[in-house]
Amino acid sequence: MKKEQNKILSEVTGSDYKYGFYTDIDIEIFPPGLNEDVVRAISAKNEEPEFMLEFRLKAYRHWLKMEIPDWAHLKIPEINYQDISYYAAPKNKKGTESPDGVDPELRKTFEKLGISLDEQKRLSGVAVDAVMDSVSVKTTFQETLAEHGIIFCSMSEAIKEHPDLIKKYLGSVVPYTDNYFTALNAAVFSDGSFCYIPKGVKAPMELSTYFRINAANTGQFERTLIVAEEGSYVSYLEGCTAPMRDENQLHAAVVEIIVEKDAYVKYSTVQNWYPGDKNGKGGIFNFVTKRGICRGERSKISWTQVETGSAITWKYPSCILKGNNSVGEFNSVAVTNNYQQADTGTKMIHIGKNTKSTIISKGISAGFSNNSYRGLVKVVKKAQNSRNFSQCDSLLLGDQCGAHTFPYIEVDNANSIVEHEATTSKIGEDQIFYCNQRGISTEDAIGLIVNGYAKEVLNKLPMEFAVEAQKLLQISLEGSVG
Amino acid sequence: MNSMLSIKDLRASIEDKEILKGITLEVKEGEVHAIMGPNGSGKSTLASLVAGKELADVTGGSITYLGKNLFDLNPEERSKAGIFLGFQYPTEIPGVTMVNFLKTALNEHRKHKGLEPLSAKDFLKLLREKKDMVEIDSKLTNRSVNAGFSGGEKKKNEIFQMAMLEPKLAILDETDSGLDIDALKIVANGVNKLKRKDNATIIITHYQRLLDYIIPDYVHVLFDGRIVKSGGKELALKLEEKGYEWIRNQVNGN
Ligand SMILES: Nc1ncnc2c1ncn2[C@@H]1O[C@H](COP(=O)(O)OP(=O)(O)OP(=O)(O)O)[C@@H](O)[C@H]1O
Ligand SMILES: [Mg+2]
C-alpha cells in the first residue's frame, strides 16, 4: 500500500495552471531598486497631489525601520527589495485606434483570462476594474454606476478626482504603520480600485477588480478602498493571476473597507496567483492585509476567500466590529499543493455591544505543502453580549503535507460567548477506490470530495465565481492523492 | 452461452505472502456463482483483484473479461465496462451526497456508452424507481455516501447502487452479513430482479441462507487461496451441515 501511495504521490503533476501565459507588449518599467526617488517618481507618474507624496514618504521612512514579520508558520526566503522594479505599465494603455481607449492587445489578454472589457458583451453585469502590473487598464460600467451615485474607478483616478474622500479614508482602517507590508505598500502602491456607495444605494451590479501580473522582475502593490455609506450594499469580487516563471514575484496589497450604519459589504476573492511548479520553483509571494470596519450599528462585512494560488500566502481578512449589533463573517477555503505554504485566517475584533462573528475555515493540504489557519477572536470589555462561532477544518491528501491551527481567543467580559470547533480528516485510498469502482476517475473523486468538504464556503460565493472556484479546487489538486 | 469472466491460475501475494495460489474460475452470461470459504481464505482479495484494487501483487495467471485482458483496464474503466463490486465494508465519504455521487457515476457510465448525461428530472425518476425496488429509506439518498449508515443500510445501499448502474458482472462480497431477515429478502429480491440473460453474479457468502433466495448455478469453496471444491447448490447445504473441517480433511487427504 505504501508503494501505491508513493507511486501516486510521485505522479503529482505541476497541475495545469491555465493562466501562466505572458503577453508580449511594450512596457514602461522603472529600473530595479527602492529609495525615496523611486517613491517620488511613482507619485509623479500618477500626477498625485502633494498630500499623497507626503503619505508615501512617511510610510517609506517608517518601513526602513521595520522588519519582516516572522511569527507565521512559513519559511520565507530572503527577499531583496533592491532587485525588484516598483513600476511597470503597458506603454500603449490607451489604444489610439480603439473606440473605448483600450489597446487591443490588452483587451485580448483580459479576454483570455475570461474578463471582458466590453460592456456590450457582458451579459453577467459585473463591473470590472482591470489592473495590469502597476496600472489600471480599464474600468467598465463607470457611467451606469455613476447614475446611481456610485463612484467606481481606479485608485490613481480617485486620488486625482476625489482627494477629499481619499484623504478621509485611505489608511484609516489599515494605517501604514500596521505592519511591514502595509508600510511598503503605502510607499509604493501604484494603482488599485476605489469604490464609494452613497447613502441608501444598493449597487445594481457586482463590482470587481481583476489583478494581473505580467511583467517580470516586478512587484505588484495595489490598494483597494471601499466605502459603504449608511444603508448601502455592494458585493465586491476580486480575482488575480500571473504568468508562470521560475523566479518568485512579490505581491503586497492592502484592502480597506468602511461600512456605516445598516450597510453591508460582501467581499469575495478567488486568489489564483501562480503557485510555482511541482518542485516549488517560482510562484508569487502573496502578503496581503485586508481589513474592514463596521462603524455603524447593524453594519455587516462578509469576507469569502478561495485561496488556491501563490507560493506563499500570508493573509488575514479581518473585521473591526465597532458599531453595536454589527456582524462580521469570514469564510475561507485554502488549498495548498506541492510546496505551497499558506498561513491565513482572520481577526474578529468585537468592540460594539451584541456584535456577532462567524468564522468558517476549510484548509486542504496536499503534496509537501503546509497550510495553517491563524485566527484571533477578541472581545473587549464593553462588547457586551457578543458572540463568535469558529469552525476550522483541515483535510489532508497524503502524509507528506501539514495542517495547523492557531486560534487565539481573548474575551474581556463575562456575558459573551466564543465557540471554537476544529476537525482534521484525510482523503483515504479506500474512498478513492470506492469512487473508482463506481466509474468515477481519481481526479473526479477528489473533486467530489473536496467540493463536498468546501461546499459550505463555496455556497457563499456569487454564482459565476462559485462554478469557477469549484473547477479551480479540482485542478489545484490534480494528481495529489495519497 | 458466452464467457464473461475467465480467471486462469491466478496467483497473488500481499507483502510477499501468497494469498491466492492458483485460482481458476469460469463465469458465463446468465450464471450465478457462489463462493464460500473460511475467514481469511482469500475471497475478498479475489473480488478486489477483479475490481482492480492494487492491494495484492499479481504474480501469475490471467483474468479475461469479455475477451479482454482485465489487467489493461484501470478500476473506473472496469466499472464502466460493467463490473460492479458490492463491498464487504463499504467506505464512508463525508460531504459527498448519495445523489451527487450516483449522478456522477451514472453519467460517467453513460458517457462511456456514448450517451448524453441524464436530465435532472430523468435522474430523479430513475433514483425513485430503484429506491422503491430495493426498499431503501428515502432520506438515505440525501445523506453523504455511507456516512453514519447502519451496517445493514450500508449493505442495502450497495444493492441500490448496483440497481442504478445495472452491471454486467456483479460481485457481492458478503452483502448478506449484517442484514436482518426482511432486509435479506429485499436484497435477494433486488438481485433476482436485476438478473438478465446476459449478466452474471458472483455471490460471496458464509451462509447457505442467502442461497435459498438466490439460487446459484455453481457453488465453489475457496480454501487457503485455492478453489478446492465446486458443485451445485447442494454443496452449500453440505457445507452448512458438515462445516469446513470436512473440506480441510479432504484437502489434507484424510
Ligand atoms: N492489506 C492487507 N495486508 C496484509 N494482509 C492482508 C491484507 N488484506 C488481506 N490480507 C490477508 O489476506 C488474506 C485473505 O484475506 P481476505 O480478506 O481475502 O479473506 P476473506 O476470504 O475475504 O475473509 P473473510 O471471510 O473474513 O472476509 C488474509 O490472511 C488477510 O489477513
Ligand atoms: Mg472478505
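The values are calculated or read from the model by the stated rules, or taken from the named source; none is laboratory data. All of these numbers come straight from a predicted model, not from anything done at the bench. Here Cβ is always computed from backbone atoms with ideal geometry, including for glycine, and neighbour counts include all displayed protein chains. Each accessible area value is taken on the protein alone, full model and side chains, heavy atoms only, with ligands, DNA and RNA left out. Shrake-Rupley method; radii C 1.70, N 1.55, O 1.52, S 1.80 Å.
Of all the listed residues (B:ALA170, B:ALA147), the sole one being more than 16 Å from ligand 1 (Cβ to nearest atom), surrounded by fewer than 21 Cβ atoms within 10 Å (Cβ to Cβ) and under 21 Å from A:TYR434 (Cα atoms) is B:ALA147. Filtered by the rule that a residue be facing another protein chain (nearest Cβ under 10 Å) and in contact with a Gly (Cβ under 8 Å, 6 or more places away or on another chain), segment A:452-470 gives A:GLY452, A:TYR453, A:LYS455. The residue that is nearest to the chain's Cα centre (by Cα), among those in segment A:277-295 that are small (Gly, Ala, Ser) and open to solvent by less than 10 Å² (accessible area, probe 1.4 Å), is A:GLY292.
Against the condition basic (Lys, Arg), open to solvent by 30 Å² or more (accessible area, probe 1.4 Å), away from ligand 2 (no atom under 16 Å from the Cβ) and closer than 27 Å to B:TYR207 by Cβ, how does B:LYS68 come out, does it pass? Here the answer is no, as B:LYS68 does not meet what is asked. Taking (1) surrounded by fewer than 17 Cβ atoms within 10 Å (Cβ to Cβ); (2) near ligand 1 (Cβ under 10 Å from one of its atoms); (3) more than 10 Å from every other protein chain (Cβ to nearest Cβ) in turn, B:SER13 satisfies each apart from (1). Of the helices (runs of 4 or more DSSP H) lying entirely inside segment B:197-254, those containing at least 3 residues that are of a type in the set (Lys, Arg) span B:233-242. Cβ-Cβ distances below 7 Å connect the following pairs, each with a first residue in segment B:76-103 that is on the phi > 0 side of the Ramachandran plot, a second residue that is among the polar types (S, T, N, Q) and more than 16 Å from ligand 1 (Cβ to nearest atom), and a separation of six or more residues or different chains: B:GLY95/B:SER144.
Scanning segment A:294-329 for residues that are of a type in the set (Asp, Glu) and modelled with pLDDT under 95 turns up just one, A:GLU307. Counting the residues of segment B:16-55 that are away from ligand 1 (no atom under 16 Å from the Cβ) and among the hydrophobic types (A, V, I, L, M, F, W, C) gives 2. Filtering segment A:364-393 to residues that are open to solvent by 10 Å² or more (accessible area, probe 1.4 Å) and either closer than 14 Å to A:GLU329 by Cβ or small (Gly, Ala, Ser) (or both) leaves A:ARG387, A:PHE389, A:GLN391. Checked against the criterion of being within 27 Å of B:THR97 (Cβ to Cβ), within 16 Å of ligand 2 (Cβ to nearest atom) and of a type outside the set (Gly, Ala, Ser), segment B:140-155 has at least one qualifying residue. Cβ-Cβ contacts under 8 Å between residues 6 or more apart (or on different chains), taken from a first residue in segment B:169-183 that is at pLDDT 90 or above to a second residue that is away from ligand 2 (no atom under 16 Å from the Cβ) and assigned to a loop (DSSP other than H, G, I, E, B), are listed as B:LEU169/B:GLY82; B:LEU169/B:ASN199; B:ALA170/B:ASN199. Considering B:GLU54, B:GLU92, B:GLU77, B:GLU108, which residue is open to solvent by 60 Å² or more (accessible area, probe 1.4 Å) and facing another protein chain (nearest Cβ under 7 Å)? B:GLU54 is the lone residue from the list that is open to solvent by 60 Å² or more (accessible area, probe 1.4 Å) and facing another protein chain (nearest Cβ under 7 Å).
For B:VAL58, the test of being within 16 Å of ligand 1 (Cβ to nearest atom), among the aliphatic types (A, V, I, L, M) and touching a strand residue (DSSP E or B) at 6+ places or on another chain (Cβ under 7 Å) is passed. Looking only at residues in segment B:165-178 that are more than 13 Å from ligand 2 (Cβ to nearest atom) and within 18 Å of B:LYS130 (Cβ to Cβ), the one that is nearest to the chain's Cα centre (by Cα) is B:ALA170. Of all the residues in segment B:184-210, those that are modelled with pLDDT of 90 or more, crowded, with 21+ Cβ neighbours inside 10 Å and either within 16 Å of ligand 1 (Cβ to nearest atom) or not hydrophobic (A, V, I, L, M, F, W, C) (or both) number 5.
Residues that are open to solvent by 60 Å² or more (accessible area, probe 1.4 Å) and more than 8 Å from chain B (Cβ to nearest Cβ) within segment A:416-442 comprise A:ILE417, A:GLU419, A:HIS420, A:GLU421, A:ALA422, A:THR423, A:THR424, A:LYS426, listed in sequence order. Scanning segment B:29-57 for residues that are within 13 Å of ligand 2 (Cβ to nearest atom), touching a Phe, Trp or Tyr at 6+ places or on another chain (Cβ under 7 Å) and on the phi < 0 side of the Ramachandran plot returns B:PRO38, B:SER41, B:LYS53.
Of all residues in segment B:142-162, those being assigned to a helix (DSSP H, G or I) and over 24 Å from B:LYS195 (Cβ atoms) number 2.
Highlighted here are the helices (runs of 4 or more DSSP H) found entirely within segment B:1-112 that include at least 2 residues which are of a type in the set (Gly, Ala, Ser): B:43-51.
In segment B:170-184 there is at least one residue matching the filter, namely being touching a Leu at 6+ places or on another chain (Cβ under 6 Å) and of a type outside the set (Gly, Ala, Ser).
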